[in-house]
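Notes for the one structure printed next.
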Amino acid sequence: MHVGGGEEEMRRQEGEERRVVSMSLLHSILPLTSGAGRSIVDASELHLWRADGDLFIGDEMGLLIRDLKKRYVAPDGSVVPVIDVPALEIGDGKHAALIGSSGSGKTTLLHLIAGIVTPDSGAIELSNRGGATTDIAKLSEAERDIFRGANIGYIFQTHHLLAGFSAMENVLLGMSFTGRKADPSWAKKLLTEVGLADRLDYKPGKLSVGQQQRVAVARALANRPGLVLADEPTGALDPVNAQAVLELIRRLCKEVGAALLLVTHDLGIAKQLESVVTLSEVNRASRTQVAA
């Protein structure tokens, strides 16, 4: 294996996170139209996410991964396998922790599930109780952005809040990405639930690290997603705040009926969820890395 593969993957992940956050916030501020004023995504395309006439939005979701593979080409031209998962399933509304060593592909797997990056091969099927199933790997980039905004909440390792906007405005921007009308009462409720009722008008620079992450949690739940992906959401927090944030994520996910896949290196955190997935047990690429 190429020695610098882990560092190269981390740089690539950071770049992809910046891209998807930038695009999400851009779509939140600007309407989804072309320069000529024509809608970029026609309403008829929403059939991808319909089941019996209902939009595939706001329902519990399940995840099924089949034969998923992702490789990167290192600067020296060598091929670095990062993900090789024959099968992984999370039931509707279930909460699971994903653990693994640093550089083992945990963040890459979350990025694949969210459609931030695309796999080389395989299926990533998200389904709701109504019977609608979408293989996010088959969607275009624009379709993946819209699907993610409507159905998936993502909590990054860093909060990615807009510095010039208040806590309330950051949550409202997250709502507007779907094209639906923003719901200030729900945004306020979420921020109240995470203990920031008296900080609604505070900008990120006036909030502590723990408070910033609480805003990020509220933003991730703003659209009542069916699936929440959390990438080390407690990694930068002290034990007390880490436990508080974990409890907030779990409680809010249960409130909206969202499934949860949470990446952590803390076994104490992981064991509090319904199930624990060890990446090396499901990802043949990470076993190859360890052997190398």
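The values are calculated or read from the model by the stated rules, or taken from the named source; none is laboratory data. As the structure is a prediction and not an experimental result, all values here were calculated from the model. We place every Cβ from the backbone using ideal geometry, glycine too, and count neighbours over all the protein chains shown.
Values computed for the structure shown
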| read-out | value |
| --- | --- |
| Criterion: of a type in the set (A, V, I, L, M, F, W, C), over 15 Å from Y154 (Cβ atoms) and surrounded by 16 or more Cβ atoms within 10 Å (Cβ to Cβ) - qualifying residue of A197, A220, A242 | A242 |
| Answer from L200, L162, L139, L126 - the residue that is in contact with a helix residue (DSSP H, G or I) (Cβ under 7 Å, 6 or more places away or on another chain), of a type in the set (A, V, I, L, M) and at pLDDT 95 or above | L200 |
| Extreme residue, farthest from the chain's Cα centre (by Cα), among residues of the range 66-105 that are charged (D, E, K, R) and more than 21 Å from G149 (Cα to Cα) | D76 |
| Identity of the residue in the range 147-189, of a type in the set (K, R) and surrounded by fewer than 21 Cβ atoms within 10 Å (Cβ to Cβ), that ends up nearest to the chain's Cα centre (by Cα) | R180 |
